[in-house]
Amino acid sequence: MSEKIFGMDLGTNSFKLYRRGKGIALHQKNIIAIKDMKETSAYGDEAYDMYERAPEYIEVSFPMLHGVIAHFQNMQSLLRLFMNDRSLKLTSMGKRDYYIAVPHNITEVEKRAFFDLVAGAGIRAKQIFMVEKPIADALGADVSVEEAKGIMLVDIGADTTEISILSLGGIVLSKLLHIGGNQLDDAICLQVKKQYNLIIGRKTANRLKCALAHAIPNDETRTMTILGRDIITGLPIRKEIDSDMVYRAINEYLMTIIDASKVILERTPPELAADIIHSGIYLTGGSSRIQQIDQLFEEHLDLKANLVENPEESVIRGLGKIMDTKEYQSLASVMKL
């Protein structure tokens, strides 16, 4: 049955599951809470509510780091919990095929870890297919990847940014940066501490980023009131933060992404570069939601920047297309159990 085929995007920040014939079946935070180092207390969105709030005996952690598996056992437990989620109603289903999106710039050992993760999770795997993330990402952005045409994709995720040049269903050039939304959040935490002597958590920094961040200098200053702990008194206080401070905090990281994109463009073969000039750059990943980021790319690279709708789901949508469309099956490679 076609419903026995699933696609997985194991992102640093969130887990997405695609069920053939039904679309995106699950989209939750990729995080687990473990009590006393042995008992699972919560997982997914429920565990995220506990993040930065849990007592010492409950460890709340993200098992993925920089796009690869950082804690194998926790990720395997989390995968098993997700696949046994009541909303999926899979208890009576037999053997299943799985399609997994993996980064391009990882070692064979790291790629094999994705396979071993699914094969050993007890989720009735029949066949396991690997799809390189930039390929799935482009398909999810509604870009045809099998033509003899150059495509430039910049995926700004939670922990990494992957810059890729694609053509004929393959990856011509690719560069992986350890810069993403988490690093921007950390930069905001540091800037708030430096400017206001105020300590805030990463969740608060993320709210500031979502509400106030912009990628180019802006005449309109917006503000947001947050709660934090004063370094001097140690007491909790309220502070009004403006969008200019957030811009100063994240600007250096965004310019690093711009500089890396320039390097990739300089190495791109002339014919493919001509195609990119015509079609522009495609921006995906959750952090591409930063306001005016398309204008930043256009200003520094002199190319049109295309923003993708629901950019954090472009990879899982692309996996769905590979699973649902016979012509795209060759883009996935099977690994033996």
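Do we find a residue being assigned to a helix (DSSP H, G or I) and either of a type outside the set (Gly, Ala, Ser) or over 30 Å from Asp244 (Cβ atoms) (or both) anywhere in the range 172-180? No - not one qualifying residue is present in the range 172-180.
Within the range 47-59, the only residue that satisfies the criterion of being among the aliphatic types (A, V, I, L, M), closer than 29 Å to Val102 by Cα and open to solvent by 30 Å² or more (accessible area, probe 1.4 Å) is Met50. When the range 109-129 is limited to residues that are under 19 Å from the mean Cα position of the chain (by Cα) and open to solvent by 10 Å² or more (accessible area, probe 1.4 Å), the one that is nearest to Gly169 (Cα to Cα) turns out to be Lys111.
Within the range 283-320, the set of residues being part of a strand (DSSP E or B) and hydroxyl-bearing (Ser, Thr, Tyr) comprises just one member, Thr284.
Listed residues Ile106, Ile135, Ile165, Ile123; which is of a type outside the set (Phe, Trp, Tyr), assigned to a strand (DSSP E or B) and on the phi < 0 side of the Ramachandran plot?
Unique residue meeting the criteria: Ile165.
Looking across the range 188-238, just one residue is outside any helix (DSSP H, G or I), of a type in the set (Lys, Arg) and open to solvent by less than 60 Å² (accessible area, probe 1.4 Å), and that is Arg222. On inspection, Leu272 does not qualify as of a type in the set (A, V, I, L, M), over 21 Å from the mean Cα position of the chain (by Cα), over 22 Å from His178 (Cα atoms) and not in a helix (DSSP H, G or I). For the range 252-261, indicate whether the set of residues that are closer than 25 Å to Gly180 by Cβ, in a helix (DSSP H, G or I) and touching a Ser or Thr at 6+ places or on another chain (Cβ under 6 Å) is non-empty. Checking the range 252-261: at least one residue is closer than 25 Å to Gly180 by Cβ, in a helix (DSSP H, G or I) and touching a Ser or Thr at 6+ places or on another chain (Cβ under 6 Å).
What are the residues in the range 66-108 that are open to solvent by 50 Å² or more (accessible area, probe 1.4 Å) and polar (S, T, N, Q), if any? Selection gives Gln73, Asn84, Ser87, Thr91, Ser92, Asn105, Thr107.
Out of Glu312, Glu298, I need the residue that is under 22 Å from Asn182 (Cβ atoms) and either buried (at least 20 other Cβ atoms within 10 Å of the Cβ) or touching a Gly at 6+ places or on another chain (Cβ under 9 Å) (or both). Which one? Don't jump to the end; show me each part of the working.
Working: Glu298 fails: under 22 Å from Asn182 (Cβ atoms).
Matching residue, one of Glu312, Glu298: Glu312.
Here is a check on your reading of the model: is Ser174 in contact with a His (Cβ under 9 Å, 6 or more places away or on another chain), in contact (Cβ under 8 Å) with a residue 60 or more places away in the chain, over 15 Å from Pro311 (Cα atoms) and surrounded by 23 or more Cβ atoms within 10 Å (Cβ to Cβ)? Considered against the rule, which asks whether it is in contact with a His (Cβ under 9 Å, 6 or more places away or on another chain), in contact (Cβ under 8 Å) with a residue 60 or more places away in the chain, over 15 Å from Pro311 (Cα atoms) and surrounded by 23 or more Cβ atoms within 10 Å (Cβ to Cβ), Ser174 comes out as no.
Can you tell me which of Arg267, Arg289 is more than 20 Å from Leu173 (Cα to Cα) and open to solvent by 50 Å² or more (accessible area, probe 1.4 Å)? If you could, list the steps in order and put the result at the bottom.
On the way: Arg267 fails: more than 20 Å from Leu173 (Cα to Cα).
The unique qualifying residue is Arg289.
Output yes when any residue across the range 154-163 is under 30 Å from Ile231 (Cα atoms) and either under 21 Å from the mean Cα position of the chain (by Cα) or open to solvent by less than 30 Å² (accessible area, probe 1.4 Å) (or both), and no when none is. Among the residues of the range 154-163, at least one is under 30 Å from Ile231 (Cα atoms) and either under 21 Å from the mean Cα position of the chain (by Cα) or open to solvent by less than 30 Å² (accessible area, probe 1.4 Å) (or both), which makes the answer yes. Inspect all residues belonging to the range 30-42 and state whether any of them is crowded, with 19+ Cβ neighbours inside 10 Å, of a type in the set (S, T, N, Q) and touching an Asp or Glu at 6+ places or on another chain (Cβ under 8 Å). Within the range 30-42 (the criterion being crowded, with 19+ Cβ neighbours inside 10 Å, of a type in the set (S, T, N, Q) and touching an Asp or Glu at 6+ places or on another chain (Cβ under 8 Å)), the answer is no, since none of the residues qualifies.
Filtering the range 1-47 to residues that are under 16 Å from the mean Cα position of the chain (by Cα) and among the aromatic types (Phe, Trp, Tyr) leaves Phe15, Tyr18.
The values are calculated or read from the model by the stated rules, or taken from the named source; none is laboratory data. Predicted model only: the values in this text are computed from it and were never measured. Note: ideal-geometry Cβ built from the backbone for every residue, glycine included; neighbour counts use all protein chains shown. Remember, those area values only see protein heavy atoms, side chains included, never the ligands or the DNA or RNA. Shrake-Rupley method; radii C 1.70, N 1.55, O 1.52, S 1.80 Å.
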